[in-house]
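Everything below concerns the one structure shown next.
Quick note: the coordinates plus some simple rules give every number you see, no bench work behind them. Please read these numbers as outputs of a predicted model, since none were measured by experiment. Here the Cβ positions follow ideal geometry from the backbone for every residue, glycine too, while neighbour counts run over all protein chains shown.
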Amino acid sequence: MPLDIKKAVSALRLNFFVMGVLLGGWAARIPEMKSALKMSDGTFGRALIGAAIGSLFSSRVIGRLIRELGTKKVFYMGTVIFPVGYLTVAFAHNAFFIFIGITFFCMGYLFLDNPLTIITQDLEAKADRKYLSGFHGFWSMGTLCAAFVGSFLIGRVRYSIHLSALAIIAFIILVMSARRLEDHKVHAETSSKVPLPWKGNTAFIVLVVGCGMLFAQGAEFGATDWSGLFLRDVLSITGQFYVGAYIAFEAGMILSRMKGDRYIHKFGAELVVRLCGYAGSVLWLISMLIGVHIHGSHKILGYIVILIGYFFAGMGVGPLFPGFITILGSVPGIDMGVALSRAFLIAIAGFAVVPAAIGAISDLTSLQTGMLLPIVLLAAAGLLSRIARKVPQGEVAEMV
């Protein structure tokens, strides 16, 4: 492997890992934060709608900024924006400030994630191999490490101090590692030749891919954001042990994503996404029903069964997001900066809409019933993989 490609791969792995740490770090402290601010499930779910606001703004400007400034400058902008949101969440006094913090954090996160995805696709074209699923595996490693460390800090270090430290450390690492990233710029005259229409086959593919990514994100964040609350409120698991489901889920994601590049290359993104979506949802549902049923008489066994289910759920969710991005990147002549912004607008809404819906369902019924939503979304993501059949064949996508 040429030296420049090795340097780019190592830099991208580090950046994806740190971004995973940012999400996993705060997710591990959600039950503690929710209790400290005395938020109900519904109130907490509504606070997460800030992600939709942040994604709406970002989707309107990222594509144009990447065309005019390049991926590297947009990435640097993200390193400035995300700490504002992260620190606001850390020191929030009520649900409103949680909402504001998540809005800015989501904006900054997309300013980081979108450029990294485009840079990765440039690298895949240059090296003639797949990297995206593996890079998302490093993202999952970051979330797992953050959750593992966060579980030991519960009751020992205030979550405000913990999150503030993560924001500062992540900012330093991202800024320094960005120097090794190759910039991706699009000349205005080139990008004007490949506009992304709002109607037609290409627009429909982008729309469905965005919905598939939303379902994948919804299943993922429905699992991670509510896993601790599910164990605590449904199975009466307390203390550090309620992080177990989160860790099991992320372990499954890491395993499937590290293998995902090979299988997507060998069998195609459609087959991998479809099988993972269907299998993951069925195994997750079965384990949840069995675990909840037996936890009254066999609490430890019920806990283990639930963890196994979250592991298989992570296995199923893992390749979905990079798989849908691969499908989108195979569309001939598409402007990936604009297409990703439009798809991410839909996808990242899952970070807000799905947890909010889970909270609303939980308030009306029970959290156990609310957790059926991400399980259904996981299966629906597998179904939407069929959109790959509408991508024109025999042409090579132009990564602009």
Candidates PHE97, PHE17, PHE44, ranked by Gaussian network fluctuation over the chain, Cα under 10 Å, top entry: PHE97
Segment PHE267-SER10, length gained on full extension (0.36 nm per residue, minus Cα span): 89.9 nm
Average Cα contact separation per residue, the chain, under 8 Å, 6 or more apart, as relative contact order %: 27 percent
Rounded to the nearest 20 debye, dipole of the stretch 3-390 from Cβ charges on Lys, Arg, Asp, Glu: 480 debye
Positive minus negative residues near ALA36 (Lys, Arg vs Asp, Glu; Cβ under 12 Å): +3
Alpha-carbon Debye profile of the stretch 3-390, log10 I(q)/I(0) at 0.07 Å⁻¹: -0.28
Ranked packing of 83-89, 166-172, most packed first, by mean Cβ within 10 Å: 83-89, 166-172
